[in-house]
Amino acid sequence: MSIKRLEAEDVHILNHLQQDGRMTNQALSDAVGLSTSPCWRRVRNLEETGVIQGYGARLDRKQVGLGVLAFIRVKIDSHSEAEAEDFSQQVSALKEVVACYSIAGDADFLLQVVAPDLDSYADFAMSVVRRLPRIKEMQTTFVLKEIKAFNGFPLDCV
């Protein structure tokens, strides 16, 4: 996979779209200082090359009834590629798991999970996650207060 080197105009476009994906091309071109046609072509190129993977609305999880946010660190008892892939596929199918990462350190995977309440989370953890293939150990960390939620990537770091 090649890494696309972003031009300054692309970074400006992406920063604005991360904040408001519903911007019109006219508003975006005004904000980044390009005329509408070159701005549209740049956005189109960013979409076609996969830099922009899609558009969506950011939701307040509590307002939609998902009061519990937790992270589950999972160790599996085998590290074969096939078994890790099987675990990954099964986790990807779970709607309560909003993100999953293969990690280095004393665990193999980190799952970000949402649930309406603690009882729902407990049911999910014990009847679904605990029964996934090859789980050796799992440990939950509950989020008490969300200090800074994901709100886009810091493009000034690249």
- Select, from Val114, Val98, the only residue that is within 27 Å of Lys62 (Cα to Cα), among the aliphatic types (A, V, I, L, M) and open to solvent by 50 Å² or more (accessible area, probe 1.4 Å). Val98
- Task: Please go through the range 1-42 and pick out each residue that is touching a Leu at 6+ places or on another chain (Cβ under 8 Å) and either in a loop (DSSP other than H, G, I, E, B) or farther than 18 Å from Pro154 by Cβ (or both).
- Result: Leu6, Met23, Leu28, Cys39, Arg42
- Query: Here are Ser88, Ser78: which of them is in contact (Cβ under 8 Å) with a residue 40 or more places away in the chain, among the polar types (S, T, N, Q) and either outside any helix (DSSP H, G or I) or closer than 27 Å to Asn151 by Cβ (or both)?
  - Reply: Ser78
- Message: So for the range 129-141 (the condition being open to solvent by less than 40 Å² (accessible area, probe 1.4 Å) and without any contact (Cβ under 8 Å) to a residue 24 or more places away in the chain), does at least one residue qualify?
- Response: no
- Query: Here are some residues: Ala70, Ala125. Which one is assigned to a helix (DSSP H, G or I), of a type in the set (A, V, I, L, M, F, W, C), in contact with a Ser or Thr (Cβ under 7 Å, 6 or more places away or on another chain) and open to solvent by less than 70 Å² (accessible area, probe 1.4 Å)?
  - Reply: Ala125
- Determine if the range 104-121 includes at least one residue that is assigned to a loop (DSSP other than H, G, I, E, B) and in contact with a Phe, Trp or Tyr (Cβ under 6 Å, 6 or more places away or on another chain). no
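The values are calculated or read from the model by the stated rules, or taken from the named source; none is laboratory data. Bear in mind that the values here come from a model prediction, so they are computed numbers and not experimental data. A quick note on method: Cβ atoms are made from the backbone with ideal geometry, for glycine too, and the neighbour counts reach across all protein chains shown. Heads up: the accessible areas ignore ligands, DNA and RNA and are worked out on the full protein's heavy atoms, side chains in. Shrake-Rupley method; radii C 1.70, N 1.55, O 1.52, S 1.80 Å.
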